[in-house]
Amino acid sequence: MNEEEWLQCQHAAPMLSYLRKKVVASDRKLRLFACACLRRISHLIPEEGGLVPLEVAERFADGQATMTERIQMETLANRCLHTEPSDDPQRLSRAYILLSIRGPLLKRAPQAAESTSVNARIAVAFIATEAIHGISYAPPDTQEWLKEEVCHQAQLLRDVFFKPLQRQIPRLESSWRHYNDRISVRLAESIYDERAFDRLPILADALEDAGCDNPDILAHCRKGGQHVRGCWVVDLLLGKK
Ligand SMILES: [Zn+2]
């Protein structure tokens, strides 16, 4: 895959395969990508507990879920997988969410036979992209819906990973970070915590006021579309990888 193909790709699977081969993806980012995919379809999963498993999975990605929460979610996941009818797509979808918090699970992942931690991490993300096929949701044109959804997932990957073919992500100058009582960093923190990604154009203005002239950073903040936790610009400001 070359850079142009990465930028134009309309399906997450070959992009994840590329990341898998190149090992340029952190555990945290892959898990957040998985969560973002699942969050997009969470309204289609009518289960008790609502978004709690997904929120735990996101906090797990950031190293903030407690051991008790993780154990509770894993117990729930095991129950879904082993006691519910395996052909019930709603149950399966829920199990996918729960499984996204786990590392070495992967019985259902395409890379099940492989056991390295890198493959395990990528497989978590694959699970999310596979989950859309297990939903008992039948829009008028399911094939069209699936096609659109995998296209959205590809866009999510481009939000989380800055052109992985370029080993260097843009540099953030220290002066941009510290300008005006660290306003850019504080903005990034609130955007991340509140999922207020509609404020990214404001962040671009703040960075520009601080002297930022990096076209990739500014364009990303102003491009619109969906941004999620793991967005490479917000991560850059917060020092997250
Ligand atoms: Zn973004």
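The values are calculated or read from the model by the stated rules, or taken from the named source; none is laboratory data. Predicted model, so just to flag it, every value in this text is computed and none were measured. No Cβ is skipped: glycine too gets one built from the backbone with ideal geometry, and neighbour counts run over all protein chains shown. These area figures cover heavy atoms from the full protein model, side chains too; ligands, DNA and RNA do not enter into them. Shrake-Rupley method; radii C 1.70, N 1.55, O 1.52, S 1.80 Å.
So here's what we get for this one:
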item: Neighbours by Cβ (under 7 Å, 6+ apart or cross-chain): first from the range 216-237, without any contact (Cβ under 8 Å) to a residue 24 or more places away in the chain; second among the small types (G, A, S) and more than 10 Å from the ligand (Cβ to nearest atom); result: L218/A204; C221/A204; R222/A204
item: Extreme residue, nearest to the ligand (Cβ to nearest atom), among residues of the range 212-234 that are more than 20 Å from H152 (Cβ to Cβ) and buried (at least 18 other Cβ atoms within 10 Å of the Cβ); result: I217
item: Search result, residues across the range 170-205 that are closer than 21 Å to Q226 by Cβ and hydrophobic (A, V, I, L, M, F, W, C); result: L187, A188, I191, A196, F197, L200, I202, L203, A204
item: Scan of the range 199-216 for residues that are of a type in the set (A, V, I, L, M, F, W, C) and in a helix (DSSP H, G or I), ordered by number; result: L200, I202, L203, A204, A206, L207
item: Sole residue being at pLDDT below 80 and of a type in the set (D, E), chosen from E47, E55; result: E47
item: Some residue of the range 151-164 being surrounded by 14 or more Cβ atoms within 10 Å (Cβ to Cβ), polar (S, T, N, Q) and modelled with pLDDT of 85 or more; result: yes
item: The range 192-210 residues that are within 18 Å of R182 (Cα to Cα), paired with ones that are of a type in the set (F, W, Y) and crowded, with 19+ Cβ neighbours inside 10 Å (beta carbon under 7 Å, 6 or more apart); result: L207/W176; A210/W176
item: Near pairs, Cβ below 8 angstrom, 6+ apart or cross-chain, from the range 168-179 (open to solvent by 90 Å² or more (accessible area, probe 1.4 Å)) to any residue that is in a loop (DSSP other than H, G, I, E, B) and among the aliphatic types (A, V, I, L, M); result: Y179/A210
item: Selected residue [hydrophobic (A, V, I, L, M, F, W, C) and over 23 Å from C35 (Cβ atoms)] from V185, V234; result: V185
item: Any hit, the range 188-199, residues being under 25 Å from E149 (Cβ atoms), open to solvent by less than 80 Å² (accessible area, probe 1.4 Å) and away from the ligand (no atom under 12 Å from the Cβ); result: yes
